[in-house]
Amino acid sequence: MNRIELYQGDITEMHVDAIVNAANRSLLGGGGVDGAIHRVAGPKLLEECKKLNGCETGQAKITMGYRLPSRYVIHTVGPVWHGGEIGEKELLASAYLSSLKLAREHQLKTLAFPNISTGVYAFPKQLAAEIAIETVRNFLENDDWFEEITFCVYDDENYEIYTKLLNQTGH
Ligand code: APR
């Protein structure tokens, strides 16, 4: 069953059990998709985030979605790209895997990811997409719990990259 979907648009409009936020370690909001999620969710999201005491890079924490159409937000922190020699690839894979595990623990069935670390954190988009797809695919091959995992791309470049990669290996 094909459980990986690709959608180009605004993740704050997605009706899924949880959307994943590309946050920073403070979990106190920011720009990019983090800013959009907090804007739509409203101030109660920040109130709940403040109680979480931050989040380490590669880890994930969950909150309610408040005014978002998604019931939950899984906040994860991707690595800042510094050339790829200090574990950025492993930390990005960990951000995806931690989010999947947390969604599974909360028995969520549908989940949407933005392109973590490829904006402000400057992670190369092609490499990030390969890591994201490989991490999600490996998880789905070992666990049939999820109904649908959506890669929510925002810009055309990521859309082209994901379309090619997902078509290459029949997803
Ligand atoms: N819906 C989906 N994707 C979005 C949206 C949106 N509304 N807004 C931006 N994006 C995309 C960007 O185009 C990019 O492809 O999310 C991807 C991640 O980019 P950033 O949001 O810049 O996240 P990241 O690169 O992980 O940097 C995280 O940025 O916003 C701050 O607080 C955040 O400090 C943290 C840093």
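The values are calculated or read from the model by the stated rules, or taken from the named source; none is laboratory data. These numbers come from a predicted model, not from an experiment. A quick note on method: Cβ atoms are made from the backbone with ideal geometry, for glycine too, and the neighbour counts reach across all protein chains shown.
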Next on the checklist: Being farther than 20 Å from M14 by Cβ and touching a helix residue (DSSP H, G or I) at 6+ places or on another chain (Cβ under 7 Å) is the filter here; which residues of the stretch 144-160 pass it?
Outcome noted: E157
Next on the checklist: When you scan the stretch 99-116, do you find a residue that is hydroxyl-bearing (S, T, Y), over 11 Å from the mean Cα position of the chain (by Cα), farther than 14 Å from I149 by Cα and at pLDDT 95 or above, even just one?
Outcome noted: no
Checklist outcome for this item: Across (1) more than 14 Å from the ligand (Cβ to nearest atom); (2) not in a helix (DSSP H, G or I), N167 clears everything bar (2)
Checklist entry - Only one of (1) over 13 Å from the mean Cα position of the chain (by Cα); (2) free of Cβ contacts under 8 Å to residues at least 40 places away in the same chain; (3) closer than 29 Å to K164 by Cβ is not met by P43, so which one is it? => result (3)
Checklist entry - Of all residues in the stretch 11-26 being in a loop (DSSP other than H, G, I, E, B) and within 9 Å of the ligand (Cβ to nearest atom), which is farthest from the chain's Cα centre (by Cα)? => result S26
Checklist entry - Among the residues of the stretch 74-84, is any within 9 Å of the ligand (Cβ to nearest atom), closer than 23 Å to E160 by Cβ and β-branched (V, I, T)? => result no
Checklist entry - When you scan the stretch 127-156, how many residues do you find that are farther than 12 Å from K89 by Cβ and loosely packed, with under 15 Cβ neighbours inside 10 Å? => result 9
Checklist entry - Of all the residues that make up the stretch 30-57, how many are under 18 Å from F151 (Cα atoms) and either out of contact with any Ser or Thr (no Cβ under 9 Å at 6 or more places or on another chain) or away from the ligand (no atom under 12 Å from the Cβ) (or both)? => result 2
Next on the checklist: Criterion first (more than 10 Å from the ligand (Cβ to nearest atom), outside any loop (DSSP other than H, G, I, E, B) and in contact with a Pro (Cβ under 9 Å, 6 or more places away or on another chain)) does K101 satisfy it?
Outcome noted: no
Item to check | Residue under evaluation Q59, criteria (1) more than 23 Å from Y154 (Cβ to Cβ); (2) surrounded by fewer than 17 Cβ atoms within 10 Å (Cβ to Cβ); (3) not aliphatic (A, V, I, L, M), criterion not met | outcome: (2)
Next on the checklist: With the requirement that a residue be in contact with a helix residue (DSSP H, G or I) (Cβ under 8 Å, 6 or more places away or on another chain) and of a type in the set (D, E, K, R), what does the stretch 49-91 give you?
Outcome noted: K61, R67, K89
